[in-house]
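The values are calculated or read from the model by the stated rules, or taken from the named source; none is laboratory data. What you are looking at is a predicted structure, and each value in this text was computed from that prediction instead of being measured. Cβ placement follows ideal geometry from the backbone for every residue including glycine, while neighbour counts extend to all protein chains displayed.
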Amino acid sequence: MTRTEYINKQIKQLFKPLYVRLALLFMIISYFYNLPVIKYSVQGDNELRLYDVAGFVVLYILYNNWTLISFYIRSKTYLKHMHTFILWCAFTLIFTLLFSLFKGRPLWFIKSVLYYYHMVVFFYTGVLIAMYLRDQSKYKGVASMVLILAILEAVVVFLQHYGFIPFLWNAVYKEAYGGFLSRYAGA
């Protein structure tokens, strides 16, 4: 068995569990629909979104398959550079913590960690999708799903703009975006 065949076999094993495919599906859906799952308040009105919750599953997948995923990242120049940037950002969080504590603004650090979490989760989701798409037979299904979601979002935006359907998000978002109606369900 060649190294490529071995890697392909390992990647196929990675995507066998249903929870792995569901996590990727939820992450793709969350690109188009920012579904709030849990409300909380750190500063004002906050929500944990679908991608926040599915992101924990992505990190769990990452933790359990780090050897394979890190090998794949190192084998692709563009992923390797982005991964280096993510590590650099993690390092700079130390300075964000120190500066925010020095200025008496600990929420700056909390927000930075949340933004960092989103960047990490979306990056590793992209890596997992790239690994999933190594099997070219899956291209059509993934591309069709993304196309359908994009068309659905465009139709909803146009219908909102012309007043056929209401704004699909709460008043906080409507106020924050100045009544701009092209926000498809928070997207």
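Things to note:
- Note on segment 75-119: among residues that are among the hydrophobic types (A, V, I, L, M, F, W, C) and in contact (Cβ under 8 Å) with a residue 24 or more places away in the chain, the one that is surrounded by the most Cβ atoms within 10 Å (Cβ to Cβ) is Leu79.
- Residue match in segment 172-182 (condition: surrounded by fewer than 12 Cβ atoms within 10 Å (Cβ to Cβ), of a type outside the set (A, V, I, L, M, F, W, C) and at pLDDT 85 or above): no
- Selection status of Leu87, farther than 17 Å from Gly55 by Cα and in the same structural domain as Arg49 (by TED's automatic domain parsing): yes
- Residue within segment 76-99 that is at pLDDT 95 or above and among the small types (Gly, Ala, Ser) present: yes
- Scanning segment 141-171 for residues that are closer than 22 Å to Arg49 by Cα, assigned to a loop (DSSP other than H, G, I, E, B) and of a type outside the set (Phe, Trp, Tyr), we see that the one that is modelled with the highest pLDDT is Pro166.
- For Phe122, the requirement of being under 18 Å from the mean Cα position of the chain (by Cα), hydrophobic (A, V, I, L, M, F, W, C) and surrounded by 15 or more Cβ atoms within 10 Å (Cβ to Cβ) is met.
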